[in-house]
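The values are calculated or read from the model by the stated rules, or taken from the named source; none is laboratory data. Computed from a predicted structure; not experimentally measured. Every residue, glycine as well, gets a Cβ built from its backbone with ideal geometry; the counts of neighbours run over all protein chains shown. Note: accessible area is taken over every heavy atom of the protein model, side chains too, but ligands, DNA and RNA are not part of it. Shrake-Rupley method; radii C 1.70, N 1.55, O 1.52, S 1.80 Å.
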Amino acid sequence: AWQALADERVVIRIADAIDRAVDAQDWKLARSYFADRVIADFSSLSGQPAANIASDDLIGAWAGNLKGGKTSLHLRTNHQVTLEANAATVRSNGYAWNRMEGNGDPLWEVWGTYEHHLTRSAAGWKVDGFTFRMTHERGNPWVKATPGQ
């Protein structure tokens, strides 16, 4: 029972830590929470289907968008964890905004649900699946789509 509680705490902490690393634009730290490959599903946001991609490419895409004068804030709550032997799923509710001056309203906001899938390895728990399902967005789509300058 103690191990399950400890595992649950660790996988929630990883999901939260990814948000903090992204908002700090600390891409090396963000990458450290992921396995080498990840099944990434942002289809509700981008229209692109889920894909099995190199985690370096996922983090590279985030870094290419969130830079310069573009900032973000990610909040996550209501975590629900399902544990198997060496696998875990963390479901949570999320809210995020991106902010960038230069073309009208500087704010774009999004609400939705997240699902992180993690596998335990010799290196500890690593995220190998990441899904975001948007439930609502508001604000300037230019801010979402335009890389920071």
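Going by amide H atoms built from the backbone, whose H comes under 5 Å of the H on A87, apart from near neighbours?
R120
Take the alpha carbon gyration tensor of segment 55-96, find the square roots of its eigenvalues, order them as a ≥ b ≥ c, and report rounded if a/c is under 1.5; if not, report prolate when a/b exceeds b/c, else oblate.
Oblate, because a/c is 1.5 or more while a/b does not exceed b/c.
Show the residues, 5+ positions off or on another chain, whose built amide H is closer than 5 Å to the amide H of N140.
The answer is L107, W108, E109.
Roughly speaking, what is the centre-to-centre gap between segment 87-127 and segment 35-82 when only Cα atoms are used, to the nearest Å?
When both Cα centres are located, 6 Å separates them.
What ³J(HN,Hα) values, in whole Hz, does the Karplus curve 6.51 cos²θ - 1.76 cosθ + 1.60 give for segment 57-65 when θ = phi - 60°, with x put for Gly and Pro?
With the stated coefficients, segment 57-65 comes to 6, 4, 5, x, 5, 4, 5, x, 8 Hz.
Could you state the accessible area per residue of the chain in Å², with a 1.4 Å probe and every protein chain left in place?
Per-residue accessible area for the chain comes out at 53 Å².
Nearest 0.05, what FRET efficiency do D57 and R13 give at R0 = 30 Å with Cβ-Cβ as r?
Efficiency for this residue pair is about 0.75.
With +1 on the Cβ of every Lys and Arg and -1 on the Cβ of every Asp and Glu, and nothing else charged, how large is the dipole of the chain about its Cα centre, in debye rounded to the nearest 20?
It comes to approximately 160 debye.
So how far apart, in nm, are the two label points at D105 and Q48 if each is 7 Å from Cα heading toward Cβ?
2.5
For segment 30-141, give the share of DSSP beta bridges that are antiparallel, in percent and rounded to the nearest 5; count only bridges with both residues there.
90
Between Q149 and T77, what is the spin-label point distance in nm, taking each point 7 Å from the Cα along the Cα→C-beta axis?
So the label points at Q149 and T77 sit 3.6 nm apart.
Gain in length, E137 to A6, computed as 0.36 nm per residue apart minus the alpha-carbon separation, to one decimal in nm?
43.7 nm
Relative to the first principal axis of the alpha-carbon coordinates of the chain, what is the inclination of helix 2-23, with its axis defined by its Cα atoms, in degrees from 0 to 90 and to the nearest 10?
Between helix and principal axis, roughly 20 degrees.
Expressed as a rounded percentage, what relative contact order does the chain have, with Cα pairs under 8 Å and six or more residues apart?
Relative CO of the chain lands at 24 percent.
Under 20 Å between C-alpha atoms is the cut-off here; go through the chain and count lysine pairs that meet it, provided they're at least eight residues apart or on different chains.
Close lysine pairs under the 20 Å cut-off: 5.
So if I place +1 on the C-beta of Lys and Arg and -1 on the C-beta of Asp and Glu, and nothing else carries charge, what would the dipole magnitude of segment 18-78 be about its Cα centre? I want it in debye, nearest 20.
For segment 18-78, the charge dipole is close to 160 debye.
Among A87, V38, W2, pick out the residue whose Cα is farthest towards the positive end of the charge dipole of segment 1-119, where Lys and Arg carry +1 and Asp and Glu carry -1 on C-beta, about the Cα centre.
W2
Note the listed values [x] 13.9, 38; [y] 16.7, 52; [z] 15.5, 53, then indicate which one is Rg and Dmax of the Cα atoms in Å calculated from this particular structure.
Comparing each candidate, only [z] matches the computed number.
Tell me, what HN-Hα J-couplings in whole Hz come from the Karplus equation 6.51 cos²θ - 1.76 cosθ + 1.60 at θ = phi - 60° for each residue of segment 29-34, using x for Gly and Pro?
Each residue's phi maps through the Karplus curve to give 5, 4, 4, 5, 8, 10 Hz.
If you plug each phi of segment 43-56 into the Karplus form 6.51 cos²θ - 1.76 cosθ + 1.60 with θ = phi - 60°, what whole-Hz ³J(HN,Hα) values come out, in order, with x for Gly and Pro?
4, 5, 9, 10, x, 7, x, 4, 9, 8, 10, 5, 4, 4
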